[in-house]
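Peer 1: Please find one structure pasted underneath; my questions will follow.
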Amino acid sequence: MKKSRITGVGHYVPDQIITNEYLSTIIDTNNEWIIERTGIEERRWFTPGKDTVTSMSLAASTLAIKRAGIANKDIDFIVFATITPDYFVPGNGVLLQRELGIQGVPALDVRNACSGFIYALSVADQFIKTGMYKTILVVGAEIQSSALDKSDAGRSSAVIFADGAGAAILQAVDQDQPGILSSHLHADGDFAEELYLKDPGSSREVRLSPEIVDNPSFKMYMNGNTVFKHAVVRFNEVILEALEANGKNKAEIDLLVPHQANLRISNYIQQKMGLPDEKVFNNIMKLGNTTAGTIPIALSEAWEQGRLKEGDLVCLAAFGSGFTWASALLTW
Ligand SMILES: CC(C)(COP(=O)(O)OP(=O)(O)OC[C@H]1O[C@@H](n2cnc3c(N)ncnc32)[C@H](O)[C@@H]1OP(=O)(O)O)[C@@H](O)C(=O)NCCC(=O)NCCS
């Protein structure tokens, strides 16, 4: 049986920087509150008419493809994680496939919010292990800023979520090579409405009406407190699950890449794991929470900064809407 290895990573973030100072001019918030509660100093929001989920993911994928030393035509499957596709239907995978000029290659969309990239990576890993595909493009990309409630009522999520795209090339390698050791996926639908975007849902007589457009149900809702409390427990559990499954201990982790939900959550996990700063990758300070984009963007930045070396033990972990949570342990 083959193993899968990440052979190239890339990312793209929009050039529009949204500072905390700017946010405090449109909603009742302030720089001190945002930094103290979330660690976020600034984030990127897309420029309408310039950036799309497709254009951002194309830029990220093109970089990942180049860094993997392959060509577009070598890709034999696309797994695309997003909850903010350019169209309601079809999914974003086919739009990226068209731009890559690889018509005919299958494309699958994954809608698991902040856990989306790890779910997508896990799906891709299974296809490589069975031998069905050899080279898979796994993407996480979002435009969240257009679905945020930028009124005072939505301020707890409006300051957190942001836009961006990341991509990874996953390739089949022999068992003795570095690569994905295991992935661990979980969900609990009891908490679906604690972090959700209700409309435009399909179970209404009219999917889109002026009432729905004027209603906060058209914007992201988050019960920040509940999300926080579950996140700290689940992150911890799912990281330990990955370590245990592979007979590894916390101290063996070379780089932990947690989903960038909130710097306080990352710091709490770091403390629970007893890891020094250099073994935990955080970029939420500059990029906010880009949902499914977060982990591949972080991997690409970590790689660029020389923080991912061949053979390093890397742990990815995420938690988000659903609730869903997931981890993956791999050697780089
Ligand atoms: C959203 C979050 C930062 C809020 O922080 P918190 O410490 O839980 O704050 P609370 O919601 O209890 O609110 C505390 C106060 O700050 C206020 N507040 C909320 N958002 C604010 C903002 N952007 N600016 C200023 N004040 C704000 C609240 O209204 C509340 O005021 P009150 O005490 O007068 O009622 C925090 O709950 C969080 O990070 N949750 C997890 C979010 C997350 O990870 N989401 C992504 C999942 S993938």
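The values are calculated or read from the model by the stated rules, or taken from the named source; none is laboratory data. Given the structure is predicted, the values throughout are model-derived calculations rather than measurements. Don't worry about glycine lacking a Cβ; one is built from the backbone with ideal geometry, like all the others, and counts go over all protein chains shown. Each accessible area value is taken on the protein alone, full model and side chains, heavy atoms only, with ligands, DNA and RNA left out. Shrake-Rupley method; radii C 1.70, N 1.55, O 1.52, S 1.80 Å.
Peer 1: Go through 314-323, 244-253, 1-10, 206-215 and give me the packing order, highest mean Cβ count within 10 Å leading.
Peer 2: The peptides rank, most packed first, as 314-323, 1-10, 244-253, 206-215.
Peer 1: Roughly how far apart, in whole Å, are the Cα centres of segment 178-223 and segment 102-162?
Peer 2: 14 Å
Peer 1: While we're here: Ignoring ligands, DNA and RNA, what accessible area per residue does segment 282-332 give at 1.4 Å, in Å²?
Peer 2: I get 23 Å² per residue for segment 282-332.
Peer 1: Just the number: Rg to Rh for the chain, Cα atoms, Kirkwood Rh, two decimals.
Peer 2: Answer for the chain: 0.95.
Peer 1: Order of 84-96, 301-313, 115-127 by packing, highest average Cβ count within 10 Å first?
Peer 2: Top to bottom by mean Cβ count within 10 Å: 115-127, 84-96, 301-313.
Peer 1: By average Cβ neighbour count within 10 Å, what is the ranking of 69-75, 265-271 from highest down?
Peer 2: Sorting 69-75, 265-271 by mean packing, highest first, produces 265-271, 69-75.
Peer 1: For the pair Lys50 and Arg204, how long in nm is the line joining their label points, each one 7 Å along Cα→Cβ?
Peer 2: So the two model labels end up 3.3 nm from each other.
Peer 1: Another one. Hey, any idea what % of segment 180-331's accessible area is carbon plus sulfur with a 1.4 Å probe?
Peer 2: Carbon and sulfur together cover 48 percent of it.
Peer 1: Towards the positive end of the charge dipole of the chain, with charges on Cβ (+1 Lys, Arg; -1 Asp, Glu), say which of Gly116, Gly311, Tyr87 has the farthest Cα.
Peer 2: Gly311
Peer 1: For segment 129-273, what is the accessible area per residue in Å², given a 1.4 Å probe and the full set of protein chains?
Peer 2: Using a 1.4 Å probe on heavy atoms only, each residue of segment 129-273 averages 46 Å².
Peer 1: Right, next: Quick one: dipole size for the chain, taken about the Cα centre, charges +1 on Lys/Arg Cβ and -1 on Asp/Glu Cβ, in debye to the nearest 20.
Peer 2: Result for the chain is approximately 620 debye, rounded to the nearest 20.
Peer 1: Rounded to the nearest 20 debye, what is the charge dipole size of segment 21-151 about its Cα centre when +1 sits on each Lys and Arg Cβ and -1 on each Asp and Glu Cβ?
Peer 2: 620 debye
Peer 1: Using helices alone, I'd like the mean residue ellipticity at 222 nm for the chain: each DSSP H run of four-plus residues gives -39500 (n - 2.57), total over residue count, nearest 500.
Peer 2: The helix-only estimate for the chain comes to -10000 deg cm²/dmol at 222 nm.
Peer 1: Place +1 on the Cβ of every Lys and Arg and -1 on the Cβ of every Asp and Glu in segment 3-173, take the dipole about the Cα centre, and give the residue among Val13, Tyr133, Ala158 whose Cα lies farthest towards its positive end.
Peer 2: Tyr133
Peer 1: Another question about this same structure. If Lys and Arg each add +1 and Asp and Glu each add -1, what is the summed charge of the other residues whose beta carbon sits under 11 Å from the beta carbon of Thr324?
Peer 2: +1
Peer 1: Just list whichever of Lys150/Lys219; Lys3/Lys250; Lys150/Lys229; Lys2/Lys134; Lys219/Lys286 have alpha carbons separated by over 20 Å in the model shown.
Peer 2: Beyond 20 Å between Cα atoms: Lys3/Lys250; Lys150/Lys229; Lys219/Lys286.
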